[in-house]
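Everything on this sheet refers to the single structure shown next.
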Number of protein chains: 2
Amino acid sequence: MADIPVRKSVRSRNDEIAAENRGRFREAGLCVVNMLSSPGSGKTSLLERTAAHMKDRLRILVIDGDVETERDADRLRKAGLEAIQIQTHGSCHLSAAMIAEQIATVDLSAYDLLLIENIGNLVCPSNYDLGEARRVVVASTTEGDDKPIKYPEAYHTADLCVLNKVDLLPYLPFDVAAFEAGARRAKAGLPILQTSCTTDSGVDAWCRWLDDQVRAAEA
Amino acid sequence: MADIPVRKSVRSRNDEIAAENRGRFREAGLCVVNMLSSPGSGKTSLLERTAAHMKDRLRILVIDGDVETERDADRLRKAGLEAIQIQTHGSCHLSAAMIAEQIATVDLSAYDLLLIENIGNLVCPSNYDLGEARRVVVASTTEGDDKPIKYPEAYHTADLCVLNKVDLLPYLPFDVAAFEAGARRAKAGLPILQTSCTTDSGVDAWCRWLDDQVRAAEA
């Protein structure tokens with residue numbers, strides 16, 4: 001496509017700003033996790049559950065990206081988290097510059113963990129580094145087991161895969177082994193956790209993973 | 001963002017090619033429907049069902065867009081449809097130029113209906129006219145009822161909304177009235193059909209809608 005050279009320069013500018021963000025996060029000892037998924041995979045529900053498990057022992061900030069509405073940040077504030085909403089009004093991904101603008105006036109050392117909920121989009125956000133330490137792809141059983149092979153970049157760039165909505169497995173033609181094989185074809189050895197925000201199943205393992213990342217950032 | 005002026009020129013070039021495509025479709029009396037959705041909403045399953053209902057009385061061609069794999073076109077060939085697969089290898093939407101390239105060597109007058117299954121992405125494809133006569137947004141009950149207000153452009157530019165996977169409603173916290181209100185806030189009067197590809201419920205109404213569009217294109 002005609003715009004590829006321009007996109008490349010946009011991306012390399014993004015990478016510069018992401019590196020600056022990463023420097024600020026490191027300096028503050030702040031663990032930053034960028035969460036990618038399709039629309040409606042349950043990222044916000046997982047963060048509500050995360051709040052219930054962790055908010056009393058970790059200082060958590062969320063930056064929430066959506067094309068429109070403040071809805072997700074409102075849900076997370078109700079769940080007891082501090083949340084900043086970015087509305088992109090059409091843009092299909094968060095960029096490092098959008099994050100830089102939001103953190104400019106934040107005392108990052110006041111937090112242990114920054115969770116960034118990216119725009120629901122399994123394609124574009126995987127190309128934009130935000131300066132995070134870890135990237136997580138959240139999949140939902142209702143999307144079908146072939147998504148890792150159809151959207152490999154989101155899986156290839158992830159450090160963890162969360163397979164959410166496993167409570168619905170009895171009602172779906174979803175092959176967990178095929179899903180896991182596809183995810184690991186995109187990224188060899190990718191750890192995969194199964195969760196349900198309806199039953200709370202697996203949320204403890206997700207929180208232990210977050211704890212490990214927070215400890216690594218502080219070290 | 002820095003790349004907005006460039007994107008505008010890319011889009012206006014896209015619109016020129018889309019107008020050329022539209023001219024070719026009109027000349028051939030071919031009805032063209034562009035289907036948008038999140039990943040895993042069930043577009044391919046709906047097309048499999050459509051094949052079962054319509055392939056003996058309509059000449060149907062499908063152009064299938066995916067980031068990677070020939071999987072969906074393979075599924076539709078097994079269902080008895082002629083299908084062309086476009087693999088974008090990273091690009092987040094189909095463009096008018098991609099369609100033009102595929103139809104260059106096709107005798108369009110040999111078909112009554114061209115169904116274009118766009119990349120699973122609720123943001124970017126809504127900005128790219130392919131030359132279609134009608135645009136359909138396919139939603140899934142498992143995505144949550146707030147998607148129309150969070151991704152309004154896909155709904156605003158649609159002529160029909162299909163709410164798929166209604167067989168799962170008993171297991172989901174999904175408010176149909178809230179979904180419909182959101183969809184019609186994005187586009188006043190948007191017709192909404194409920195379908196299940198598991199039970200075949202509502203597929204007859206979807207096929208009647210397609211029949212009406214085919215007749216309009218022939219008139």
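Some notes on this structure:
- Residues that are within 14 Å of another protein chain (Cβ to nearest Cβ), assigned to a loop (DSSP other than H, G, I, E, B) and not charged (D, E, K, R) within the stretch B:48-72 comprise B:67, B:69, listed in sequence order.
- Against the conditions (1) assigned to a helix (DSSP H, G or I); (2) away from chain B (no Cβ under 14 Å), residue A:45 satisfies every one except (2).
- Residues in the stretch B:27-42 that are more than 14 Å from chain A (Cβ to nearest Cβ) and within 16 Å of the chain's Cα centre (by Cα): 6 in all.
- Residue in the stretch B:106-116 that is of a type in the set (Ser, Thr, Tyr), surrounded by fewer than 23 Cβ atoms within 10 Å (Cβ to Cβ) and farther than 23 Å from residue A:149 by Cα present: yes
- Candidates are the residues of the stretch B:162-174 that are of a type outside the set (A, V, I, L, M) and crowded, with 24+ Cβ neighbours inside 10 Å; the one that is nearest to residue B:213 (Cα to Cα) is B:164.
- Out of B:178, B:186, B:139, B:154, sole residue that is buried (at least 17 other Cβ atoms within 10 Å of the Cβ) and more than 14 Å from the chain's Cα centre (by Cα): B:186
- Within the stretch B:201-217, none of the residues are at negative phi and in a strand (DSSP E or B).
- Matching residues in the stretch B:190-200 - criterion: being part of a loop (DSSP other than H, G, I, E, B) and either farther than 26 Å from residue A:41 by Cβ or within 18 Å of the chain's Cα centre (by Cα) (or both): B:190, B:191, B:195, B:196, B:197, B:200
- Being farther than 18 Å from residue B:13 by Cβ, crowded, with 24+ Cβ neighbours inside 10 Å and either touching a residue at least 12 places away in the same chain (Cβ under 8 Å) or under 14 Å from the mean Cα position of the chain (by Cα) (or both) is a property that does not hold for residue B:84.
- Each residue in the stretch B:73-90 was checked for being within 11 Å of chain A (Cβ to nearest Cβ), at pLDDT 95 or above and under 22 Å from residue B:154 (Cα atoms), and 2 of them qualify.
- Positions within the stretch A:179-189 being part of a helix (DSSP H, G or I) and away from chain B (no Cβ under 13 Å), in sequence order: A:180, A:181, A:183, A:184
- Test: residue in the stretch B:1-19 that is within 10 Å of chain A (Cβ to nearest Cβ), in contact with an Asp or Glu (Cβ under 8 Å, 6 or more places away or on another chain), over 25 Å from residue A:186 (Cβ atoms) and not in a helix (DSSP H, G or I): yes
- Selection from the stretch B:30-74 of residues that are within 14 Å of residue B:115 (Cα to Cα), surrounded by fewer than 19 Cβ atoms within 10 Å (Cβ to Cβ) and in contact with an Asp or Glu (Cβ under 7 Å, 6 or more places away or on another chain): B:58, B:59
- Residue A:24 being surrounded by fewer than 22 Cβ atoms within 10 Å (Cβ to Cβ), part of a helix (DSSP H, G or I), away from chain B (no Cβ under 14 Å) and touching a residue at least 24 places away in the same chain (Cβ under 8 Å): yes
The values are calculated or read from the model by the stated rules, or taken from the named source; none is laboratory data. None of the values given here were measured: they were computed from a predicted structure. Quick reminder, even Gly has a Cβ in these numbers, built from the backbone with ideal geometry, and neighbours come from all protein chains shown.
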